[in-house]
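Here is the structure we will look at, set down as structure tokens.
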Ligand SMILES: [Zn+2]
């Protein structure tokens, strides 16, 4: 069975055939590193990681590239506000991004190119565009002439006839009413130099526009034509439309074969927006006692092309589902196994495991239908529970146990919430051991009337989000909310 994806470029589901058999080159627009990513941003990165994991599950060798936008209007504004260099400003956000990935079990890409490291490649594309008559200079900046590129509008279906000939837009972000020539290279403003965001070129000092960054990084890492480009739906226009124009304009070759776009996440029914404060990031959730494995599960409940309504109620049932699947896995793993099972016994889990793996792949092949994929996983868990009940105290055959455990593990190599929950419980146990040890040390300090040390230990414990209460029965601790 072939994999099928909904291709935004053609507005239909298509069979996926990579350029090179057995290999997939994929790129996703990473974050602009000027703020902590919220759970809506994380949904897009989760989707990219899910696709990459599934292609791996299907035996493809994947090269996955996710850029980091570390120079644009927003990062420069942030660096100016903080009075630091662009690098000093963006690095903590990059570190924080990877920490967020780790917490949610999102694997890092094979390459995370930073825009500031690819400026020569950007300059080269712009130079080629100018040579082919598709770009022009104006007041030290360089613009893409959309009237010279007949394919403009192919992805977003914007009305190019509404484009105002010779009019230009210099902002990195603009909307559909603003179909105009867009900026490739921006002439330096005096403040750009103070944050180290200026490069010398044939057009004079300046810095790249946002769109050219992705064209340069993706083609440098994956070639001039590659298989899959992903991103959030909000990037279709202008960002991805402009990426196509610049790349194809410069190379004369098709840029990307399959365009996949992930939908928004709604928070309790409303759009998340920084402006209204209606926003959550992973840290906020963890502080409320939410396990990231529940967030992972919740992401899987909606198809990537559907809006996902994020609610705390939904999160609680997601957590319950994670516990159920993991509990089943644990019971099966801990059930006594025998090399020579009872000859009267008929093992049934081999067949269930094979059937479920096939159904899982069929669901995921169909444009990553994760909710059906989840249903197949629960079906396997159900079959395991039934089987264990039927066995009672009798041992299970080694081979049967191994087959069912392998199927669970194989599905989790794509979904990843069981292994993430395993890791979370190890962290919990590690934290518990540490807190117990520190409380004992604090008690010892108090007995020795060393109150300064006792207070210092108390602060140390509090810094890890743990609340200690002194009761008549001695100190009790809990994770603060
Ligand atoms: Zn991009």
Quiz item: Roughly how many Å is it from the Cα centre of the stretch 175-203 to that of the stretch 333-392, as a whole number?
Solution: 57
Quiz item: Going by how many other beta carbons lie within 10 Å of each one, how would you line up 117, 335, fewest first?
Solution: 117, 335
Quiz item: Over what distance in Å are the Cα centres of the stretch 70-137 and the stretch 409-428 separated?
Solution: 32
Practice problem: Using only alpha carbon pairs under 8 Å that are at least six residues apart, calculate the relative contact order of the chain and give it in whole percent. | Solution: 15
Exercise. Would you work out if the stretch 227-290 is rounded, prolate or oblate? Take a ≥ b ≥ c from the square roots of the eigenvalues of the alpha-carbon gyration tensor; rounded if a/c is under 1.5, else prolate when a/b is larger than b/c, oblate otherwise.
Key: prolate
Self-check item: Along each principal axis, Cα extent of the stretch 398-451, largest first, Å
Solution: 60, 25, 6
Quiz item: D for the stretch 4-262, whole µm²/s, Stokes-Einstein with Kirkwood Rh over alpha-carbon pairs at 37 °C and 0.692 mPa s: what number?
Solution: 175
Quiz prompt | Protection-proxy order for peptides 342-351, 299-308, each taking the mean of Cβ atoms within 10 Å per residue, highest first | solution = 299-308, 342-351
Self-check item: Distance-filtered residues of the stretch 256-295 - backbone nitrogen under 14 Å, label point 7 angstrom along residue 313 Cα→Cβ
Solution: 268-270
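Hey, what number do you get for the chain at 222 nm if only DSSP H runs of n ≥ 4 count, each worth -39500 (n - 2.57), divided across all residues, to the nearest 500?
-15500 deg cm²/dmol
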Quiz item: For the chain, what is the percent of antiparallel DSSP beta bridges, rounded to the nearest 5?
Solution: 50
Quiz item: What angle, in degrees between 0 and 90 and rounded to the nearest 10, separates the Cα long axis of helix 370-391 from the longest principal axis of the Cα atoms of the chain?
Solution: 10
Quiz item: Taking 0.36 nm per intervening residue step and subtracting the Cα-Cα distance, what contour gain separates residue 88 from residue 202 on full extension?
Solution: 38.3 nm
Exercise. Just need the relative contact order of the stretch 286-415 here, percent rounded to a whole number, with Cα pairs under 8 Å and 6+ apart.
Key: 35
Exercise. Based on other C-beta atoms within 10 Å, arrange 52, 326 from fewest to most.
Key: 326, 52
Quiz prompt | For the stretch 4-262: relative contact order, % (alpha-carbon pairs under 8 angstrom, 6 or more apart) | solution = 24
Self-check item: Highest to lowest packing among 190-198, 445-453, scored as the average C-beta count within 10 Å
Solution: 190-198, 445-453
Exercise. Could you bin all the Cα-Cα distances of the chain into 10 Å bins starting at 0 and give me the percent of pairs in each, rounded to whole numbers?
Key: 4, 17, 23, 22, 16, 10, 5, 2, 0
Self-check item: Cα-based helix-to-principal-axis angle, 312-334 vs the chain, degrees rounded to 10
Solution: 50
Exercise. Rank-order 105-113, 207-215 by packing density, defined as the average count of other C-beta atoms within 10 Å over each peptide's residues, highest first.
Key: 207-215, 105-113
Self-check item: Whole-angstrom Cα spans of the stretch 30-143 along principal axes, big to small
Solution: 49, 39, 21
Self-check item: Cβ-Cβ FRET estimate between residue 348 and residue 224, R0 fixed at 51 Å, reported to 0.05
Solution: 0.45
Quiz item: Please state the Cα pair-distance histogram of the stretch 220-357 with 10 angstrom bins from zero: what percent is in each bin?
Solution: 9, 24, 21, 22, 15, 7, 2, 0
Quiz item: How far, in nm, would the chain grow between residue 460 and residue 233 when pulled straight, counting 0.36 nm per residue and subtracting the alpha carbon separation?
Solution: 77.3 nm
Exercise. Would you mind calculating the gained length between residue 427 and residue 14 on full extension (0.36 nm times residue separation, minus the Cα-Cα distance), in nm to one decimal?
Key: 144.4 nm
Exercise. Any chance you could tell me what percent of the C-alpha pair distances in the stretch 309-403 go past 16 Å?
Key: 60
Practice problem: First check a/c for the stretch 177-223, with a ≥ b ≥ c the square roots of the eigenvalues of its C-alpha gyration tensor; if it is under 1.5, answer rounded, and if not, answer prolate when a/b is larger than b/c or oblate otherwise. | Solution: oblate
Exercise. Run a plain Debye calculation on the stretch 420-479 (Cα atoms as equal point scatterers, no solvent) and give log10 I(q)/I(0) at q = 0.15, 0.19, 0.22, 0.24 Å⁻¹, rounded to two decimals, same order as the q list.
Key: -0.47, -0.69, -0.87, -0.99
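Since every read-out is calculated from the coordinates, none of them should be taken as a lab result. As the structure is a computational prediction, the values presented were derived from the model and not from experiment. Note that each Cβ is placed from the backbone with ideal geometry, even for glycine, and that neighbours are counted across all protein chains shown.
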